[in-house]
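Beneath this line is the structure, given in structure tokens, with notes to follow.
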Amino acid sequence: MLANPKRDDRDEEMNSQDDVAYEQGEEELHGIPMTEEAFELVLSVENPYHYEWIDGVIYDMSNPSPEHSFIAGSIDALFREQIGTDGPCRVFRDQSVLIPDKPSVTPDLVLTCDSADWDRDKRLQPFKVRTPLLVIEILSPSTQRFDRTEKFDRYKRCPSLEVYILINQYKRHVEIYQRVRDWQQELYIADQVVQFDHFDLEMPLDAIYKGVL
């Protein structure tokens, strides 16, 4: 069931060029110094903002690009169509994930198959996902280093996490990291279809990037 990601020198070159392009277009973030404890207090109050805590500074990430928003919406609809509404699995956008012994983080999309994460009588208040199964980040110039390093490290502290996905919003380039493969990168490009070792889900790149690329 696993697709065969393309791996050759051209892929490595493309990945390198992609990183350079992001770095050249990197935007400066403006935040407020804050302790981890104060950050968690901010998250304890329901609000419309998307906050991240990076190296002792809190940032508001509430203004993604149109491409970013469109791709997130396409993946959201794709997953909902496949998982349905009768089972325990749910997909959420821009909802915080509780990280053991580290500051919470907010992915672009998160899949959980634990009903305690979303059941009205069992879920955390304010809402946080405790058992993420699959997490997706759509890379932005201002946050891609954080997504690849510290944020990824925090997600890996969640025992339930099986898959971490990074999606380029400017070219067809999707990186898959699976726990069962020791978090080694699998690269998908062009019109490939992403499939997973443990999920009955598919992510055709054509569907992810439709209307964008």
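Points worth noting:
- For Ser142, the residues whose modelled amide H falls within less than 5 Å of its own, excluding neighbours fewer than 5 places apart on the same chain, are Glu27.
- Applying a 4.7 Å Cβ-Cβ cutoff to the chain, the cysteines left without a disulfide-compatible partner are Cys158.
- Label of the coordinate-derived value, Rg and Dmax of the Cα atoms in Å, listed as (i) 16.8, 52; (ii) 16.7, 48; (iii) 15.8, 49: (i)
- Cα gyration tensor shape for region 40-154, rounded if a/c is under 1.5, else prolate or oblate: oblate
- Other residues whose C-beta falls under 10 angstrom from the C-beta of Val129 contribute a net charge of +2, scoring Lys and Arg +1 and Asp and Glu -1.
- Relative contact order of region 170-213, defined on C-alpha pairs under 8 angstrom at six or more residues apart (%): 32 percent
- For region 119-142, the residues whose backbone nitrogen is under 15 Å from a point 7 Å from the Cα of Val45, taken along Cα to Cβ, are 126.
- Inter-label distance, Ser69 to Ala207: 2.3 nm, where each label sits 7 Å from its Cα along the C-beta direction.
- Ligands, DNA and RNA left out, the accessible area of the chain computed with a 1.4 Å probe is 48% carbon and sulfur.
- Accessible area per residue for the chain, computed on protein heavy atoms with a 1.4 Å probe, is 51 Å².
- Relative packing of 80-86, 65-71, which averages over residues the other C-beta atoms within 10 Å, highest first: 65-71, 80-86
- Percentage relative contact order, the chain, counting C-alpha pairs under 8 Å, at least six apart: 20 percent
- What you get for region 36-168, charging only the Cβ of Lys and Arg (+1) and of Asp and Glu (-1), is a dipole of about 220 debye around the Cα centre.
- Span from the region 144-213 Cα centroid across to the region 64-84 one, whole angstrom: 14 Å
- Listed residue (Thr143, Gln192, Tyr164) projecting farthest to the positive dipole end of region 137-213, Cβ model: Thr143
- Springs join every pair of Cα atoms under 10 Å in this Gaussian network model of the chain, and among Leu41, Leu133, Leu78 the largest mean-square fluctuation is at Leu41.
- Within a Gaussian network of the chain (alpha carbon springs, distance under 10 Å), most fluctuating of Ser96, Ser74, Ser44: Ser44
The values are calculated or read from the model by the stated rules, or taken from the named source; none is laboratory data. All values derive from a computational prediction rather than experimental measurement. So basically every Cβ, Gly included, is an ideal-geometry build from the backbone, and we count neighbours across all protein chains shown. The accessibility values were calculated without ligands, DNA or RNA, using every heavy atom of the protein model including side chains. Shrake-Rupley method; radii C 1.70, N 1.55, O 1.52, S 1.80 Å.
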